[in-house]
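Data first, discussion second: the structure below is written as structure tokens.
The values are calculated or read from the model by the stated rules, or taken from the named source; none is laboratory data. All values derive from a computational prediction rather than experimental measurement. Using ideal geometry, Cβ is built from the backbone for each residue, glycine included, and neighbour counts are taken over all protein chains shown. Surface accessibility is based on the protein's heavy atoms, side chains included, excluding ligands, DNA and RNA. Shrake-Rupley method; radii C 1.70, N 1.55, O 1.52, S 1.80 Å.
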Amino acid sequence: MAMSHRTLADWLTHLESLHPRGIAGIELGLERVARVKAALGQREAVPVITVAGTNGKGSVCAYLSTILDRAGYKVGCYTSPHLVAYNERVALNGVPADDATLCRAFARVEAARGDEALTYFEFGTLAAWEVFAEAGVDAVVLEVGLGGRLDAVNVYEPDVAVVTGIALDHQDFLGPDRESIGREKAGIYRAGKPALCADPQPPQSLLDAAAAIGADLRLLGRDFGFEKSAEDRLQWRYWCRSGGEVARRSLAYPGLRGATQLRNASVALAALEALKLRLPVAMGAIRRGLIETELAGRFQVLPGRPAVVLDVAHNPDAAKVLAGNLSTMGFFDRTYAVLGMLGDKDIAGTLAPLKDKVDYWLLADLAVPRGATAAALAEVIAAQGLGGTVETFAAPSDAFAAAAKRAGESDRIVTFGSFYTVADVLARVRPIRPAA
């Protein structure tokens with residue numbers, strides 16, 4: 001099929017076939033991407049913010065993109081994975097790129113790659129930059145896919161690099177502990193450039209890596225941070241050190257829900273502070289942007305009854321945050337958990353924070369590479385003594401349908417465990433209930 005006549009679906013199928021490891025293939029390294037980037041003539045002509053971290057990356061990217069949009073800039077934002085449609089990964093001012101735009105970008109990458117066997121993610125990353133260049137954006141926000149040092153996104157030179165936090169995930173690729181993982185994520189830092197870290201206890205490896213290259217390291221709690229207002233429960237204060245002084249700004253709580261969102265919002269504001277000479281942003285845009293930020297699948301509570309919560313939490317650190325957020329929601333008669341996970345995740349560690357918090361476990365097979373079976377999840381719940389009644393289903397959407405049929409108005413349904421799980425359920429509920 002001629003490149004010019006390929007549909008987006010055709011292109012995505014083509015991307016899956018390019019590399020021996022297919023759509024789920026991970027082959028870390030920058031050499032292939034760097035060669036194709038050079039062939040495309042891609043240049044960093046506008047400010048670039050790169051965001052890495054175990055959890056919170058998507059939220060920080062969403063805050064940055066929304067605030068810059070409200071400030072009147074044209075901003076390109078690249079994130080992964082998507083929930084329902086690939087277009088979600090490549091957004092211009094919060095609007096996913098249309099099929100035709102993506103197809104043009106894919107065609108340019110295909111023409112430039114020669115014999116390079118790019119992975120699905122590498123090809124998509126290069127294409128996203130092509131979309132942003134074609135649109136003439138004023139700023140680019142790039143979410144790192146895996147780790148940092150060897151991730152395809154790191155082929156681009158950031159003006160500000162953000163690490164949201166370091167926890168255990170993807171140990172097969174990044175190392176067995178936080179020190180190893182922190183070292184990999186610090187690979188996005190650059191000499192002399194602002195290097196932000198929002199982890200309350202950053203591993204020494206990250207601090208050492210930043211010092212070794214002479215990065216301008218800015219830490220949560222030392223250089224920027226947040227305070228909850230004692231006088232007004234509806235406000236919080238962001239603070240940062242600037243010119244030796246500490247500046248504080250009172251703000252309304254952000255649109256994204258959850259206890260970690262003040263931390264995510266703070267590091268987003270610190271990143272914008274670091275770029276204020278090139279991308280000045282007025283306080284009005286910051287206030288609007290924070291309140292109006294939306295992001296599917298991040299403790300997303302859909303309107304209506306029973307309460308429906310969608311959360312892509314898929315590792316122990318994220319599950320602890322989810323459990324804490326659930327505990328602040330108020331009283332519900334019964335909690336139904338719709339769960340599907342990948343088999344290479346720390347399933348026992350992820351489910352442990354939900355011990356005795358779930359009345360009914362509706363477990364689903366994930367029919368994707370690396371997907372765990374519902375039976376395997378049931379074994380972990382029984383072995384860990386997590387409590388609740390267990391039932392298994394062939395797909396997350398089937399499990400959700402059963403929960404929705406049984407749950408009363410005073411109950412809640414929590415869907416979590418994987419992007420694939422939330423995506424399958426979101427595709428079912430979207431035509432019925434508007435997103436929050």
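Here GLY340, GLY349 are screened, and the one residue that is within 23 Å of ALA375 (Cβ to Cβ), in contact with a strand residue (DSSP E or B) (Cβ under 6 Å, 6 or more places away or on another chain) and not acidic (Asp, Glu) is GLY340.
Residue by residue through region 259-278, note down the ones that are buried (at least 19 other Cβ atoms within 10 Å of the Cβ) and assigned to a loop (DSSP other than H, G, I, E, B). Hits for region 259-278 are THR260, LEU275. Taking the stated definitions as given, is ALA427 in a helix (DSSP H, G or I), at pLDDT below 95, surrounded by fewer than 16 Cβ atoms within 10 Å (Cβ to Cβ) and not acidic (Asp, Glu)? Judged against the criteria, ALA427 is a match.
Only a single item in (1) open to solvent by 10 Å² or more (accessible area, probe 1.4 Å); (2) under 22 Å from LEU83 (Cα atoms) is not met by MET341, and it is number (1).
Taking the options PHE400, PHE393, name whichever one is closer than 22 Å to PHE332 by Cα, of a type in the set (A, V, I, L, M, F, W, C) and open to solvent by 10 Å² or more (accessible area, probe 1.4 Å).
Numbers: PHE393 fails: closer than 22 Å to PHE332 by Cα.
Exactly one residue qualifies, and that residue is PHE400.
Determine whether ARG412 is open to solvent by 30 Å² or more (accessible area, probe 1.4 Å), touching a helix residue (DSSP H, G or I) at 6+ places or on another chain (Cβ under 9 Å) and of a type in the set (D, E, K, R). So ARG412 fails the test.
For region 311-351, a residue qualifies if it is closer than 19 Å to ALA259 by Cα and of a type in the set (Phe, Trp, Tyr), and exactly one does: PHE331.
Taking region 95-129 only, how many residues are among the small types (Gly, Ala, Ser), surrounded by fewer than 16 Cβ atoms within 10 Å (Cβ to Cβ) and part of a loop (DSSP other than H, G, I, E, B)?
Restricting attention to region 95-129, the residues satisfying the condition of being among the small types (Gly, Ala, Ser) are 97, 100, 105, 107, 111-112, 114, 117, 124, 127-128.
From the residues that got through so far, the ones that are surrounded by fewer than 16 Cβ atoms within 10 Å (Cβ to Cβ) too are 100, 111, 114, 117.
In the following step, the residues that additionally are part of a loop (DSSP other than H, G, I, E, B) were identified as 114, 117.
Number of matching residues: 2.
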